[in-house]
Amino acid sequence: MSEFVQSEDQHVQANTSATQQVIVHQNAQFEQKAAGFWIRFWAYIVDILVLASVGMLLIKPIFRLFSLELNNPEWYAPFTIITAVIFYAYFVLMTKLCNQTVGKMIFGIRVISKDGGNLKWGTVIFREWIGRLISIIPLSIPYLVVAFTPKKQGVHDFIADTLVVHESVYDVKEKAIYESPTAKELHEPNVF
């Protein structure tokens, strides 16, 4: 039996001296968690219920009071135009003034600018009006993009550089930087 056996104390000692040479900087960053497809879907359903209630309780009685036609199938019928204006005004005004609609308030999500600043009128109008028109036209398929993008953005979010996030749920992004003093010496400039 001529095997060389090293004691565990020596092995641990050698490893601890090597690890003492490494400096670790840990940096924890908190990001608001992106709202996924289903929570955004249910918030939208609540918004549609709110808008349908407004239509049933306010618009239809006014049309009946003045004996105006409600069942005109053309897209340019007065009832259709008024409901479309209310629909887009609701989304634009609520998103600009509150950063969220009633449905988003109930589910605790909000719209934020990708750069972290306040939402501008142009951004909100582009997102809520033009972006929604683009997303609705091809069978609402662009809304499904939310389920597959890393930050859960729809086509209208990409167009307007916005994100929909949870108000009080955060993701922790830990970043560890390993630094060796010998490596740091190699990066220092030579001064003569």
In the stretch 58-129, the trypsin sites (Lys or Arg not before Pro) that sit in a DSSP loop and have at most 14 other Cβ atoms within 10 Å of their own Cβ are Lys114, Lys120
Under-5 Å amide H pairs with Ile109, H placed in peptide plane, nonlocal only: Glu167
Quick one: Karplus J couplings for the stretch 54-64, per residue in order, coefficients 6.51, -1.76, 1.60, θ = phi - 60°, nearest Hz, x for Gly and Pro? 4, x, 6, 8, 10, 6, 4, x, 5, 5, 5
Where the Cα atoms of the stretch 33-168 are projected onto their three principal axes, how long is each span, largest first, in whole Å? 50, 29, 27
Simple spin-label model, 7 Å along Cα-to-Cβ: Glu74 to Ser53 in nm? 3.4
Would you mind ranking Met56, Met94 by Cβ crowding within 10 Å, fewest neighbours first? Met56, Met94
Among Asp171, Asp47, Asp115, rank each residue by its count of other Cβ atoms within 10 Å, from fewest to most, as a rough exposure measure. Asp115, Asp171, Asp47
For the cross-link pairs Lys60/Lys152; Lys60/Lys96; Lys114/Lys175; Lys152/Lys175; Lys60/Lys151; Lys96/Lys152, which exceed 31 Å when the distance is taken from alpha carbon to alpha carbon? Lys60/Lys152; Lys60/Lys151
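Every number here is computed from the coordinates shown, using simple stated rules; none is lab data. Computed from a predicted model, the values in this text were never measured in an experiment. Neighbour counts run over all protein chains shown; Cβ positions are idealised from the backbone, glycine included.
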